[in-house]
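The values are calculated or read from the model by the stated rules, or taken from the named source; none is laboratory data. Nothing here was measured: the structure is a model prediction, and the numbers come from that model. Positions of Cβ are backbone-derived with ideal geometry, glycine not excepted, and every protein chain shown enters the neighbour counts. Heads up: the accessible areas ignore ligands, DNA and RNA and are worked out on the full protein's heavy atoms, side chains in. Shrake-Rupley method; radii C 1.70, N 1.55, O 1.52, S 1.80 Å.
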Amino acid sequence: MTDKKQNPGGVRRIVIAGGGTAGWMVAAALSKTLGKLLDIRLVESDEIGTVGVGEATIPTLVTFHRLLEINEQEFMAATQATFKLGIGFENWRAQGEDYIHSFGTTGKDHWTAGFQHFWLKGRERKLASDYGDYCLELRASLEGRFAHLPRGGMNYAFHIDATLYAKFLRRFAEGYGVRRIEGKIVDVKVGESSGFIESLKLDSGELIEGDLFIDCTGFRGLLIGNALHVGYEDWSHYLFCDSAVAVQTESVGPAIPYVRSIARDAGWQWRIPLQHRVGNGMVYCSRYLGDEQAKKELLANIEGRPLTEPRVIKFRPGQRRQTWRRNCIAIGLSSGFIEPLESTSIHLIQRGIIRLMQMFPRDGIRQSDIDEYNRQTNHELEHIRDFIVLHYHVTRRQDTPFWRTCRTMDIPDTLRHRLELFRETGRVFRVPNELFAENSWIQVMLGQGIEPQQHHPVADLMGDEELSHFLDGIRSSVEKTVAQLPAHQAYVEQYCKAPPMGAVPG
Ligand SMILES: Cc1cc2nc3c(=O)[nH]c(=O)nc-3n(C[C@H](O)[C@H](O)[C@H](O)COP(=O)(O)OP(=O)(O)OC[C@H]3O[C@@H](n4cnc5c(N)ncnc54)[C@H](O)[C@@H]3O)c2cc1C
C-alpha cells in the first residue's frame with residue numbers, strides 16, 4: 001500500500017455487533033454526531049441477551065448525555081435511575097471500619113499543596129475532624145440528601161437499570177436512523193488477502209456487509225477475538241476476583257445516593273439502589289469461594305425479597321492487546337474488563353466512543369490512527385487497574401486467606417511508586433488523561449489506612465488560629481449546604497419519577 005490507507009473508498013457503512021449497553025451507546029453517539037454521513041446498522045440477538053449488569057456509573061456519564069443532548073429527566077424516568085454521589089466502602093480497611101469515596105472535591109487546595117496537607121497538619125494539631133467532613137458530596141451521601149446546585153456545585157452520577165438503559169438508547173439511536181437487525185451472528189467473513197472483516201453472517205443466512213465493524217458482543221468478543229485473533233492480557237495476578245453472582249431485590253426503604261460496597265471473606269458485595277428495586281451482587285475469587293457458597297452468602301446478606309434467581313457471571317480481569325485491529329474496534333466487555341469495583345466499565349465504553357469520534361477514519365483506515373487509539377486505550381486502563389488494585393492490597397485485614405493474599409501480593413511498579421510517594425510525603429499527582437483525580441486517590445488511600453509521614457511545609461506557615469479558621473470555615477459551609485438539601489428520595493420523586501414498570505415503553 002502506498003498511501004497507508006485501507007478502504008480507500010472511505011468508511012460509510014458501520015456495523016455494530018451487539019446491543020448491550022456498549023452497542024447502543026455507540027449507536028446513539030455515532031448516529032447523533034455523524035449519522036448524516038453514515039449508514040449504521042446494529043445486529044443483536046434477543047435470544048442471547050445481554051450481560052444484564054452494570055448499573056453504577058461515574059460523573060462522566062453526565063457529560064456524555066450533555067454531548068448527546070439527552071434530557072436528564074426523561075433518561076432518569078425511563079431507566080428507573082437515582083443519583084449517585086460516591087461509593088461507601090465497608091470492612092475494606094478492617095472489619096467494622098468504613099469510608100466513602102465520593103465524587104467532587106475535598107476542602108480547598110493551595111497551588112503548591114493539596115488540601116490534604118492542611119488537613120494532616122490540622123489533625124496533628126487536633127484542629128481537624130474527619131477528612132470527609134470537608135467534602136459536600138460525601139456529607140450529602142451520609143445524610144441521604146441531594147439536589148442540583150448552581151454552577152455544577154454537586155458532582156454526581158447515576159444508578160441505572162442496565163436493561164432499560166439499552167432500550168432507552170435504542171429508541172434514541174433509531175430516532176437518528178440506526179437500523180436494528182435481529183439475528184444471531186454465526187460467522188464472521190474475513191478477506192483472505194486484506195485480513196479485513198467483510199461481513200457478518202446471520203443464522204438466517206443473511207450477510208451484513210460493512211466498512212467498519214464495532215465489536216460490542218460482550219465477553220464473547222466474536223469479531224476482535226474469534227475472527228481477528230487479538231489476544232488478551234490477563235491481569236488475574238493483580239486482580240483475583242473472577243466471578244460474580246447478581247440478584248435483584250425489592251427496595252425496603254428510601255434510595256440512598258451512593259453504592260454500598262461491602263467487603264466479604266473472598267471478595268465484596270454491591271448494593272445499588274434504583275427507583276423500582278435494588279441491584280445486588282457479590283464479586284469473588286473462585287479460588288476461595290464456590291459459586292453455590294457465593295449465592296448463599298449473597299442471599300444471606302440482602303435486605304428485600306429477591307425478585308430474580310441469583311445468576312453467576314464469570315469474567316477474566318484484563319484487556320485486549322489491541323482494541324482496534326484492521327477494520328474492527330472492540331468497545332465494551334469485548335475490549336476487556338477490570339472488574340465492577342469503582343464502576344469504570346461504562347465510562348470506558350464512553351472513552352472508546354469519544355476516541356473513535358476523534359479519529360473517525362472517514363476517508364480510509366490508517367495504521368497511525370490504529371496505533372494511537374490502542375496506545376491511549378492501554379494507558380488509560382493501566383491507571384484504572386492500579387486504582388482498583390489499591391483497594392485490595394492496602395488493607396489491615398488478615399482474617400481470611402483471600403485478604404492475606406491481597407496484602408502480600410505483588411503490585412504494579414506504577415502503583416508501588418504512588419503508594420510510596422503518598423506514605424512518605426502526602427503527595428499525589430494525576431497522570432495526564434488519567435480518570436481518577438488526586439482527590440479520589442487521597443480518599444481511598446486515607447480510607448484504606450495509609451498514614452502519610454509528613455505534610456507540605458506550606459501548611460506550617462499557618463498558625464493554629466489561622467488553620468483552625470480555614471478548616472472550620474470549609475466544614476461549616478459544607479454543613480450549611482447539606483442541611484438545605486432535600487432528601488434524595490424526595491428529590492428523585494419530584495424530578496424524575498419513573499412510571500410503574502409495566503408502563504415503561506419498549
Ligand atoms: C458482575 C458485573 C458487574 C458490573 N457492574 C458494573 C457497574 O456497576 N458499572 C459499570 O460501569 N460497569 C459494570 N459492569 C460492566 C458492564 O456490565 C458492561 O460494561 C456493560 O454492560 C456493557 O456490556 P456490553 O454491551 O459490552 O456486553 P453485553 O451486555 O454482554 O452485550 C453483548 C451483546 O452482544 C450480543 N451478541 C453476543 N453474541 C452474539 C451473536 N452471536 N449474535 C448476535 N448478537 C450477539 C448480545 O445479544 C448482546 O446484545 C459490570 C460487569 C459485570 C460482569
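Only residues that are at negative phi and either open to solvent by less than 30 Å² (accessible area, probe 1.4 Å) or over 26 Å from the mean Cα position of the chain (by Cα) (or both): list them for the stretch 166-179, please. Steps first, please.
Let us first name the residues in the stretch 166-179 that are at negative phi, namely 166-176, 178-179.
The answer is A166, F168, L169, A173, G175, Y176, V178, R179.
For G107, the requirement of being under 18 Å from S440 (Cβ atoms) and part of a loop (DSSP other than H, G, I, E, B) is met. Would you mind telling me which numbered condition in (1) in contact (Cβ under 8 Å) with a residue 24 or more places away in the chain; (2) in a loop (DSSP other than H, G, I, E, B) S334 fails? Unmet condition: (2).
Can you find a residue in the stretch 109-128 that is open to solvent by less than 30 Å² (accessible area, probe 1.4 Å) and under 25 Å from the mean Cα position of the chain (by Cα)? Checking the stretch 109-128: not a single residue is open to solvent by less than 30 Å² (accessible area, probe 1.4 Å) and under 25 Å from the mean Cα position of the chain (by Cα). Is one or more of the residues making up the stretch 380-397 under 24 Å from the mean Cα position of the chain (by Cα), in contact (Cβ under 8 Å) with a residue 24 or more places away in the chain and more than 26 Å from W268 (Cβ to Cβ)? Within the stretch 380-397, not a single residue is under 24 Å from the mean Cα position of the chain (by Cα), in contact (Cβ under 8 Å) with a residue 24 or more places away in the chain and more than 26 Å from W268 (Cβ to Cβ). Within the option set D133, D215, being under 27 Å from S45 (Cα atoms) and of a type in the set (D, E, K, R) holds for one residue only, D215. Considering only residues in the stretch 158-198 that are among the aromatic types (F, W, Y) and in contact with a Gly (Cβ under 9 Å, 6 or more places away or on another chain), the one that is farthest from the ligand (Cβ to nearest atom) turns out to be Y176. In the stretch 399-424, what residues are more than 28 Å from T323 (Cα to Cα), outside any loop (DSSP other than H, G, I, E, B) and either open to solvent by less than 60 Å² (accessible area, probe 1.4 Å) or in contact with a Gly (Cβ under 8 Å, 6 or more places away or on another chain) (or both)? F402, W403, T405, C406, L419, L421, F422, listed by residue number.
Within the stretch 128-172, no residue satisfies the criterion of being free of Cβ contacts under 8 Å to residues at least 24 places away in the same chain and in contact with a His (Cβ under 8 Å, 6 or more places away or on another chain). Among the residues of the stretch 464-475, those identified as open to solvent by less than 40 Å² (accessible area, probe 1.4 Å) and either farther than 30 Å from N91 by Cβ or outside any helix (DSSP H, G or I) (or both) are L467, S468, G473. Which residue, of R351, R362, R396, is basic (K, R) and outside any loop (DSSP other than H, G, I, E, B)? Exactly one of R351, R362, R396 is basic (K, R) and outside any loop (DSSP other than H, G, I, E, B), namely R351. Just the residues that are within 16 Å of the ligand (Cβ to nearest atom) and part of a loop (DSSP other than H, G, I, E, B), please, taken from the stretch 225-250. Answer for the stretch 225-250, where residues must be within 16 Å of the ligand (Cβ to nearest atom) and part of a loop (DSSP other than H, G, I, E, B): L228, V230, W235, S236, L239, F240, C241, D242. Scanning the stretch 137-148 turns up no residue that is under 20 Å from F422 (Cα atoms), in contact with a Gly (Cβ under 8 Å, 6 or more places away or on another chain) and of a type outside the set (D, E).
Annotation: R66 fulfils all but one of (1) touching a residue at least 12 places away in the same chain (Cβ under 8 Å); (2) basic (K, R); (3) surrounded by fewer than 24 Cβ atoms within 10 Å (Cβ to Cβ); the unmet one is (1). Criterion applied to Q454, Q494 was being assigned to a loop (DSSP other than H, G, I, E, B), modelled with pLDDT of 95 or more, surrounded by fewer than 19 Cβ atoms within 10 Å (Cβ to Cβ) and not small (G, A, S), and the one residue passing it is Q454. Could you list all residues from the stretch 62-86 that are more than 19 Å from I349 (Cβ to Cβ) and part of a strand (DSSP E or B)? The answer is T82, F83, G86. T106 meets the conditions (1) surrounded by fewer than 24 Cβ atoms within 10 Å (Cβ to Cβ); (2) under 26 Å from L467 (Cβ atoms) in every case but one. The failed one is (1).
Scanning the stretch 199-222 for residues that are in a loop (DSSP other than H, G, I, E, B), open to solvent by less than 30 Å² (accessible area, probe 1.4 Å) and within 14 Å of the ligand (Cβ to nearest atom) yields C216, T217, G221.
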